[in-house]
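Undergrad: Sharing a structure with you now.
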Amino acid sequence: MASAAENVLPATIIKQLNDRLYEKRKAAALEIEKLIKDYVSKENFKGVEQIITVLGRDFANASTSQPRNGGLIGLAACAIALGKDTERFVSKLVRPALNCFCDPDQRIRYYACESLYNICKVARGSVLSNFNEIFNGLSKLADDMDGNVRNGSELLDRLMKDIVTESALFNIPSFIPLLRERIYTRKPFCRRFVTSWISLLNTVPDINMLVYLPEFLDGLFCILGEQNVEVRHMCEQVLQQFSKQIRVSTEKRNQGLAEDDFVVDFSSMTNTLILHSQSKDKIIQMHAVDWLHEFLELAGRQMLAFCPGIVSSILITPAYSDGSKEITDRAKKVNSLLQSLINADDDNASFKLLDVASLVSILIECLHSDSMHTKLASLRWFLHLFKTTPKKVFTHVDEVFPLLLKVLTNESDEVVIADLYVLAEVAGTAVPASKDLIGKSVPAEVKDSLLAIVSQYFVYTVQSLLKSFSTDRTLLEEKGFFIIRQMCLLLTADDVYRSFSILLSVNEDLSFVAVMVRNLNIILLTATELFPLRDMLKTVESEARVAMFRCLYKSWCHNPVAAAALCLLTQQYRLASDLLQKFADIDITVELLTEVDKLVQLLESPIFIYLRLQLLDPSSNHYLVKALYSILMLLPQSEAFRALQARLQCVSQLHQHSMPPKSDTYANQDLLEHFKSIQDRHSAYKRLLLTHRAVKLA
């Protein structure tokens, strides 16, 4: 090796390059500079190449530090001497210096930066052919443990940025793969280095970094999680720059003002945003959600292809239910905007943009969430889908409906109300069912009578509610009144009560039917939501009102007190009086007397003002008085007894000579017989239960 160097360089220069003293090595560099200039003047470029080769191979690559230092300073001297001719040898000058970036000696690494700085300062744009190698080397030195080395690399970095900015030779496509690789570094100073380059390149007029943003957007969001505040802030600024450029570019294109054919590639970046919106890092999550909102605003319905992924990232992950109001509010805006993009066109079989099946699957998962906010959002999504894309969503109703019923047990009234809105939408749909939903448990004639007034889904909803109440008595006790009132508010109360009554009339669980009728009756007599139905039932005159009364009466007979109350409400006073006489044949229990007590309290409420005023007309209301006296006779001498007794005493003189109307024609015998048959069934049912219990005990 020594002989090879001696064939190219004078012995004195070789000796000085190997000297420990910097001054000696600098003197050798000056001599090399003269020698190179002489060769260039004589166009002896082969001699120049030999010197550069020796300096790079035998000195900069030597095993000891002194010759490596000498080789580095010698290479810089060659570049200075070559001037504009450096371009001929740029790779041979740059690579030996880059190799020394990894030297274990920190002084060598510093001198390598200094040498390459001088080479690049002379070579300028021609050094860009080696840009990727230089960038890769600088990215490693950015986090060097030695401060002097870092300072030296920063000087070289600034020079390279100047060269890139002023040159048209920079090959951005070949650089992007390296950038994509290096952006995933976890070292703070390296992250700052990479981010600074992205920021710089984004300011170069001839470079459209938006074209390449999908390649490194994921890396930028990773850098957002950096603990170093300066680095994170720098990354936020870069993302803000890109966000602004995306908006400007898209708006110009939408207005027909774009000067090129570039279209922002929203699709290739959306999955990245979906991924990072699920990050545990709040800053990353917040920015990702903001970008999703921006994309939805700018790209509109083309984002529907990513609807399931966005819904999953927004609702299932902490973004939607996080304790941070700032993030939650952002997530809700994204959710609302995405929902607004879906319309009736998406129910068309030819529209493939929205994957309803995947979306339903995600929403079902959301319904299992422990978060109230997530459940609410999922239910609102279902409501929107049932309204806008009913044909597609109803293909999944079999898997959705049981979950909707289960949600009714949720402790949050807000969740239950939202759930009832969905159930009401299902019940009121005009979409034909693909199969028989009601089942064989309901006789054909009963089924036909139901379907003559409501849809199959309506019947299915009420039937499913009854089944839930029957199997979960806690649900009935704690939420039953609330659920039924809301159903009457959301749907037509007449249809709800008619459907309940018809289905209860064929239910074999008589004890449940009695409890259910009692509850329905209390709601009918007290709830503000049932005022229209109460008002309609007060005067059973028209054929429709008679039909409604008879429909309710058939199932109300399963609860004697409820049946009597219905007769009083509908002013069927003779029927009420005769029914109450039949109580003598009924097993009077404490529970039944408690219900009678409550009925007396209701008779004292504003709902029955009309009934109390009718007591002043003895000639027309003989059977009303008789019915009330019958109730009085049923009661033990309690507070309710004394209240009703006092009421009747107020009008007792008016009724001393009260007689039944002479023209009274009784046409309700069939209703009395129905009541008796129902009570006989209950008696037999109770005996059967007692027998089963006795056998079980035995």
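The values are calculated or read from the model by the stated rules, or taken from the named source; none is laboratory data. Here the structure is a predicted model, which is why all the values come from computation and not from measurement. Neighbour counts run over all protein chains shown; Cβ positions are idealised from the backbone, glycine included. Only protein heavy atoms, including side chains, enter the accessible area calculation; ligands, DNA and RNA are left aside. Shrake-Rupley method; radii C 1.70, N 1.55, O 1.52, S 1.80 Å.
Undergrad: Having 2 or more residues that are of a type in the set (Ser, Thr, Tyr) is the bar; report the helices (runs of 4 or more DSSP H) wholly within the stretch 520-575 that clear it.
TA: Of the helices (runs of 4 or more DSSP H) lying wholly inside the stretch 520-575, those with at least 2 residues that are of a type in the set (Ser, Thr, Tyr) span 543-556.
Undergrad: Working carefully through the options Ile310, Ile362, Ile316, find the one that is out of contact with any Pro (no Cβ under 8 Å at 6 or more places or on another chain) and either of a type in the set (D, E, K, R) or at pLDDT 90 or above (or both).
TA: None of the others qualify; the one that does is Ile310.
Undergrad: Out of the residues in the stretch 319-344 that are more than 23 Å from Leu239 (Cβ to Cβ) and either modelled with pLDDT under 90 or not in a helix (DSSP H, G or I) (or both), which is least open to solvent (accessible area, probe 1.4 Å)?
TA: Ile342
Undergrad: With the requirement that a residue be surrounded by 14 or more Cβ atoms within 10 Å (Cβ to Cβ) and either more than 29 Å from the chain's Cα centre (by Cα) or under 18 Å from Lys187 (Cα atoms) (or both), what does the stretch 229-248 give you?
TA: Val231, Arg232, Met234, Cys235, Glu236
Undergrad: Which condition does Gln106 not pass, out of (1) open to solvent by 80 Å² or more (accessible area, probe 1.4 Å); (2) more than 58 Å from the chain's Cα centre (by Cα), if it passes all the others?
TA: Unmet for Gln106, out of (1) open to solvent by 80 Å² or more (accessible area, probe 1.4 Å); (2) more than 58 Å from the chain's Cα centre (by Cα): (2).
Undergrad: Look through Gly56, Gly70 and report the one residue that is in contact (Cβ under 8 Å) with a residue 24 or more places away in the chain, part of a helix (DSSP H, G or I) and within 27 Å of Gly125 (Cβ to Cβ).
TA: Exactly one residue qualifies, and that residue is Gly56.
Undergrad: For the stretch 374-404, enumerate the residues that are surrounded by fewer than 18 Cβ atoms within 10 Å (Cβ to Cβ) and more than 23 Å from Asn348 (Cα to Cα).
TA: Residues satisfying the conditions are Pro402, Leu403.
Undergrad: Identify, by number, the condition in (1) closer than 24 Å to Asp218 by Cα; (2) within 13 Å of the chain's Cα centre (by Cα) that Ser336 doesn't meet.
TA: Tallying (1) closer than 24 Å to Asp218 by Cα; (2) within 13 Å of the chain's Cα centre (by Cα), Ser336 fails exactly one: (1).
Undergrad: Only one of (1) outside any helix (DSSP H, G or I); (2) open to solvent by 60 Å² or more (accessible area, probe 1.4 Å) is not met by Asn271, so which one is it?
TA: So Asn271 meets the others, but not (1).
Undergrad: Restricting attention to the stretch 56-70, which residues are closer than 23 Å to Asn132 by Cα and buried (at least 16 other Cβ atoms within 10 Å of the Cβ)?
TA: Residues satisfying the conditions are Gly56, Arg57, Ala60.
Undergrad: For Ser369, state whether it is surrounded by 20 or more Cβ atoms within 10 Å (Cβ to Cβ), under 15 Å from the mean Cα position of the chain (by Cα) and not aliphatic (A, V, I, L, M).
TA: When the stated conditions are applied, Ser369 does not pass them.
Undergrad: To continue, here is another question. Of all residues in the stretch 485-505, which are without any contact (Cβ under 8 Å) to a residue 40 or more places away in the chain and open to solvent by less than 40 Å² (accessible area, probe 1.4 Å)?
TA: The one that is without any contact (Cβ under 8 Å) to a residue 40 or more places away in the chain and open to solvent by less than 40 Å² (accessible area, probe 1.4 Å): Val496.
Undergrad: Do you know which of the residues in the stretch 185-217 that are outside any helix (DSSP H, G or I) and of a type in the set (D, E, K, R) is farthest from Asn136 (Cα to Cα)?
TA: Taking the candidates together, the pick is Asp206.
Undergrad: Does Val600 fit the bill of being in contact (Cβ under 8 Å) with a residue 40 or more places away in the chain, over 23 Å from Ser677 (Cα atoms), open to solvent by less than 30 Å² (accessible area, probe 1.4 Å) and within 56 Å of the chain's Cα centre (by Cα)?
TA: It is true that Val600 is in contact (Cβ under 8 Å) with a residue 40 or more places away in the chain, over 23 Å from Ser677 (Cα atoms), open to solvent by less than 30 Å² (accessible area, probe 1.4 Å) and within 56 Å of the chain's Cα centre (by Cα).
Undergrad: If we keep just the residues of the stretch 284-319 that are touching a helix residue (DSSP H, G or I) at 6+ places or on another chain (Cβ under 7 Å) and among the β-branched types (Val, Ile, Thr), which is nearest to Phe216 (Cα to Cα)?
TA: Among residues in the stretch 284-319 that are touching a helix residue (DSSP H, G or I) at 6+ places or on another chain (Cβ under 7 Å) and among the β-branched types (Val, Ile, Thr), the one nearest to Phe216 (Cα to Cα) is Ile284.
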